[in-house]
Structures are given as structure tokens and as C-alpha cells.
Amino acid sequence: MDKLKISELTRMQQKIKLYLAKLAARHRTITYADLCSKANLAYFMDNPHHRNLLSEDLGEIASEEVDKGHPMLSCIVVEKITGFPSKGFYDWAENLYDITLSNDAKREQFFIEELKSTFALWSSPYGKQEIESLEKDLNSMDMES
């Protein structure tokens, strides 16, 4: 595991990543609002500034994952009404993969493939080892502070 890449995430981003990885290992998605409440984030989705902050956190997590050759873990965070990620997810995807998702059909196809890949990665033995490593890293940070 590349410790340098993990250390580039803030502690909160690492906690979000761990929470999402555990959900992905169980083949689960979560809404943006539920992520904020269940992961004890101080973001409220009715506040545009908080939505932007969460989008940045999820984008940084996605960027780290794509740098490792993994799918975008943030794909499991979806809108309550549509069941799909927000526009920000697709903006990050276009930037990270240098692709163009020019219509709803392309965005839907990308999302479905990314979701399948994410579930497969995090439910694999490798993914489970990554989760354990993330937990250890966060626990050691907690002990240091």
C-alpha cells in the first residue's frame, strides 16, 4: 500500500474513504445526506457551501484511487431521488480519466461500470486488506493525537 498517497488525504477524507470502502465491500451505495449523518460529518446538504466541501472531499478520494489504478470509490455516493451520483462526480471522472461523458446514456454507462468495478475491488481479498490497513492507519493517528 502506498503510504505517501494516503497521507495526502486529510484525516477526515481518510475517515470518509474508510466508511465508503466498508460500504463498497458490502456492495452498498449511500446518499450524500446519509453519508454526512452516518459518518458524522459536519456537512448539511441544504447548505451549498457544505455540498461543495463534500464534493471536494469525494473528489480527492477519487483522485487518490484513480492514481492507484482503482475505480472511483466515490461512485457509491448517490442522489436520493435518482440513485446516481451528482454532476460533480462526472466532472471529476472526466478530469481524472480524460474522457467526455457528453450525455445521460454515457454517464449512466460509466457509472454502472465504475460501480461494478468498485464493488469487485473492495469485496476482494485485496480490498479487505486495504480496509484493514486504513483502519490501522487511522487508529495509529488517533493514538498519536
(request) Search the stretch 3-54 for residues being outside any helix (DSSP H, G or I) and among the aliphatic types (A, V, I, L, M), and hand back the single one that is most open to solvent (accessible area, probe 1.4 Å). (result) 42
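Table: residues versus (1) open to solvent by less than 10 Å² (accessible area, probe 1.4 Å); (2) more than 23 Å from residue 9 (Cα to Cα); (3) among the aromatic types (Phe, Trp, Tyr); (4) touching a Lys or Arg at 6+ places or on another chain (Cβ under 6 Å).
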residue	(1), (2), (3), (4)
62	yes, no, no, no
68	no, no, no, no
71	no, no, no, no
83	no, yes, no, no
88	no, no, no, no
(message) Can you tell me which condition residue 83 does not meet? The list is (1) at negative phi; (2) in contact (Cβ under 8 Å) with a residue 12 or more places away in the chain, and all the others hold.
(response) (1)
(request) Scan the stretch 24-47 and report the pairs whose first residue is without any contact (Cβ under 8 Å) to a residue 12 or more places away in the chain and whose second residue is of a type in the set (Asp, Glu) and surrounded by 14 or more Cβ atoms within 10 Å (Cβ to Cβ), with Cβ atoms within less than 9 Å and a gap of 6+ or a chain change. (result) 43/57
(request) Quickly run through the stretch 103-112 and pick out the residues that are assigned to a helix (DSSP H, G or I) and without any contact (Cβ under 8 Å) to a residue 24 or more places away in the chain. (result) 104, 105, 106, 107, 109, 110, 112
(message) Checking the conditions here, which among 121, 138, 134 is part of a helix (DSSP H, G or I), touching a residue at least 60 places away in the same chain (Cβ under 8 Å), of a type in the set (A, V, I, L, M) and surrounded by fewer than 17 Cβ atoms within 10 Å (Cβ to Cβ)?
(response) 138
(message) Every residue in the stretch 90-102 that is part of a loop (DSSP other than H, G, I, E, B) and either open to solvent by less than 20 Å² (accessible area, probe 1.4 Å) or among the aliphatic types (A, V, I, L, M) (or both), please.
(response) 99, 101
(request) State whether one or more residues within the stretch 65-72 are in contact (Cβ under 8 Å) with a residue 60 or more places away in the chain and under 12 Å from the mean Cα position of the chain (by Cα). (result) no
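The values are calculated or read from the model by the stated rules, or taken from the named source; none is laboratory data. All of these numbers come straight from a predicted model, not from anything done at the bench. Reconstructed Cβ throughout: ideal geometry from the backbone, glycine too, with neighbour counts over all protein chains shown. Calculation scope for accessible area: heavy atoms of the full protein, side chains included, ligands and nucleic acids excluded. Shrake-Rupley method; radii C 1.70, N 1.55, O 1.52, S 1.80 Å.
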